[in-house]
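Below is one structure; the comments refer to it alone.
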Amino acid sequence: MTAPLTIAELKTLAERRVPKMFFQYADSGSWTESTYRANEADFAKIKLRQRVLVDMSDRSLATTMVGQKASMPVALAPTGLTGMQHADGEMLAARAAEEFGIPFTLSTMSICSIEDIASVTKQPFWFQLYVMRDRDFVLNLIQRAKAAKCSALVLTADLQILGQRHNDIRNGLSAPPKMTVKNLWQMATRPGWCMNMLKTKRHSFGNIIGHAKDISDMTTLAHWTHSQFDTKLSWNDVRWIKEQWGGPLIIKGILDVEDAKAAVDTGADAIIVSNHGGRQLDGALSSVSMLPDIVDAVGDRIEVHMDGGIRSGQDVLKAVALGAKGTFIGRPFLYGLGAMGKEGVTLALEIIRKELDISMALCGKRDIKTVDRSILADL
């Protein structure tokens, strides 16, 4: 079989190998999925200027994100249930990212725990924090991230209320999956996935089980999780979290200029322009369409990153040209993980790096740090 050449081909392979409920968890948006689709479609509308007869030698994609070196302006985004795309998925993805020289971000709602990731990596990784009503648990997460030597905290700001994702409801999504006839059939048709899952003990939320109060089984975990997202979360809480953390803080989920200005006022080190991959407010604008306005408003005062809709190296190039100092990819690496495990994550990164490198050269640039809006057509 020929190795996949595009992220789309990795997606097709992952769909064949991952049980439907978990593949659709990664691949779905909320409600009508209009924002999910817009994230990709709006990238396609942006056109590049082709330049010729310029020096294209000695190219460099190296950059920094919140002061940390990265081999290209890409980080692996925090994604929940990654360990259900492939057994020990977060650990495999973290190792692939480390070998590639880019940041890996672990989700609060991961299957593998903070300590699991620390046990298989040598370089610091990033931790994404959901703020729960149980502030003792939040403090515990922050302390565990410090103990694991995480080098940045990514605070998700756009999940005070969970957007409705129809596929997850229809599929009865849970981790581990409920043993219904439908779910058993889904897993039976994915024998490779099942064999890998039998080899690991990590089948539920590793950062929560054994750490949150009174959580002993799936029933109590489900009730706790649904009751814990804090609807009263405010900018004052961000200042408190920054004080407790004490290190580089990135706020994820900014999609409005006024919110970007408020984030600057908290003293955060970076923001991620993001609509949660189209999984929260359906009908919201795409991330890339809001990126230029936010960069123009606050880009001279805070580092601006973006997340949502990136499916190629060209998308990364376009985001950087619009002012993003870094980009986050979720679904592309999940497709690679579901398709081929750690090797698939590496392949997804190689696909993006090659597309980014060649496209940058054909736009007449040799160094990613010199890319700006001049490479874009009709702007």
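The values are calculated or read from the model by the stated rules, or taken from the named source; none is laboratory data. Keep in mind that what you see is a predicted model, and the values were worked out from it rather than measured. Quick reminder, even Gly has a Cβ in these numbers, built from the backbone with ideal geometry, and neighbours come from all protein chains shown. Keep in mind that these areas ignore ligands, DNA and RNA; they rest on the heavy atoms of the full protein, side chains included. Shrake-Rupley method; radii C 1.70, N 1.55, O 1.52, S 1.80 Å.
Okay, residues lined up against (1) within 15 Å of the chain's Cα centre (by Cα); (2) not aromatic (Phe, Trp, Tyr):
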residue: Ser30; (1), (2): no, yes
residue: Tyr36; (1), (2): yes, no
residue: Met72; (1), (2): no, yes
residue: Glu90; (1), (2): yes, yes
residue: Phe100; (1), (2): no, no
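List pairs: first residue in the range 223-252 and of a type in the set (A, V, I, L, M) and at pLDDT below 95, second residue in a loop (DSSP other than H, G, I, E, B) and open to solvent by 30 Å² or more (accessible area, probe 1.4 Å) anywhere in the structure, Cβ distance under 7 angstrom, at least six positions apart or on different chains.
Leu233/Gln160
I'd like the full set of residues that are open to solvent by 30 Å² or more (accessible area, probe 1.4 Å) and part of a helix (DSSP H, G or I), limited to the range 360-379.
Answer for the range 360-379, where residues must be open to solvent by 30 Å² or more (accessible area, probe 1.4 Å) and part of a helix (DSSP H, G or I): Leu362, Lys369, Thr370, Arg373, Ser374.
Of all residues being more than 26 Å from the chain's Cα centre (by Cα) and part of a helix (DSSP H, G or I) in the range 163-185, which is farthest from Phe22 (Cα to Cα)? Just the residue, please.
Only one residue tops the list, namely Val181.
For the range 266-273, indicate whether the set of residues that are touching a helix residue (DSSP H, G or I) at 6+ places or on another chain (Cβ under 7 Å), within 24 Å of Met306 (Cβ to Cβ), of a type in the set (D, E, K, R) and touching a residue at least 12 places away in the same chain (Cβ under 8 Å) is non-empty.
Checked the range 266-273: no residue is touching a helix residue (DSSP H, G or I) at 6+ places or on another chain (Cβ under 7 Å), within 24 Å of Met306 (Cβ to Cβ), of a type in the set (D, E, K, R) and touching a residue at least 12 places away in the same chain (Cβ under 8 Å).
If you take the residues of the range 256-280 that are outside any helix (DSSP H, G or I) and more than 17 Å from the chain's Cα centre (by Cα), which of them is farthest from Val154 (Cα to Cα)?
The qualifying residue farthest from Val154 (Cα to Cα) is Asp256.
Residue by residue through the range 56-84, note down the ones that are open to solvent by less than 10 Å² (accessible area, probe 1.4 Å) and of a type in the set (S, T, N, Q).
Scanning the range 56-84 gives a single hit, Thr82.
For a quick check of your reading of the model, give me the residue pairs whose first member lies in the range 166-186 and is over 22 Å from Glu33 (Cβ atoms), whose second is open to solvent by 40 Å² or more (accessible area, probe 1.4 Å) and not aliphatic (A, V, I, L, M), with beta-carbon atoms closer than 8 Å and at least 6 apart or on different chains.
That search, which allows pairs on different chains as well, returns Ala175/His203; Pro176/His203.
Restricting to the range 14-49, name every residue that is out of contact with any Cys (no Cβ under 7 Å at 6 or more places or on another chain) and surrounded by fewer than 17 Cβ atoms within 10 Å (Cβ to Cβ).
Glu15, Arg16, Thr32, Ser34, Arg37, Ala41, Ala44, Lys45, Lys47
If I filter the range 343-359 for residues that are buried (at least 19 other Cβ atoms within 10 Å of the Cβ) and assigned to a loop (DSSP other than H, G, I, E, B), do I get at least one hit?
no
Within the range 199-222, track down each residue that is open to solvent by 80 Å² or more (accessible area, probe 1.4 Å) and either in contact (Cβ under 8 Å) with a residue 60 or more places away in the chain or in contact with a His (Cβ under 6 Å, 6 or more places away or on another chain) (or both).
Hits for the range 199-222 are Lys199, Lys213.
Give me the residue from the range 135-188 that is out of contact with any Lys or Arg (no Cβ under 7 Å at 6 or more places or on another chain), among the charged types (D, E, K, R) and over 19 Å from Leu106 (Cα atoms) and, out of that set, most open to solvent (accessible area, probe 1.4 Å).
Arg170
If I filter the range 284-297 for residues that are touching a Gly at 6+ places or on another chain (Cβ under 7 Å), under 23 Å from Thr6 (Cα atoms) and either assigned to a helix (DSSP H, G or I) or not hydroxyl-bearing (Ser, Thr, Tyr) (or both), do I get at least one hit?
Looking through the range 284-297, at least one residue is touching a Gly at 6+ places or on another chain (Cβ under 7 Å), under 23 Å from Thr6 (Cα atoms) and either assigned to a helix (DSSP H, G or I) or not hydroxyl-bearing (Ser, Thr, Tyr) (or both).
Tell me the strands (runs of 3 or more DSSP E) entirely within the range 35-86 that contain at least 1 residues that are among the hydroxyl-bearing types (Ser, Thr, Tyr).
63-65
Restricting the search to the range 320-342, which residues are part of a helix (DSSP H, G or I), open to solvent by 10 Å² or more (accessible area, probe 1.4 Å) and either aromatic (Phe, Trp, Tyr) or touching a strand residue (DSSP E or B) at 6+ places or on another chain (Cβ under 9 Å) (or both)?
Answer for the range 320-342, where residues must be part of a helix (DSSP H, G or I), open to solvent by 10 Å² or more (accessible area, probe 1.4 Å) and either aromatic (Phe, Trp, Tyr) or touching a strand residue (DSSP E or B) at 6+ places or on another chain (Cβ under 9 Å) (or both): just Val320.
Determine, yes or no, whether Ile310 is of a type in the set (Val, Ile, Thr), open to solvent by 30 Å² or more (accessible area, probe 1.4 Å) and either in contact with a Ser or Thr (Cβ under 9 Å, 6 or more places away or on another chain) or at pLDDT 95 or above (or both).
no
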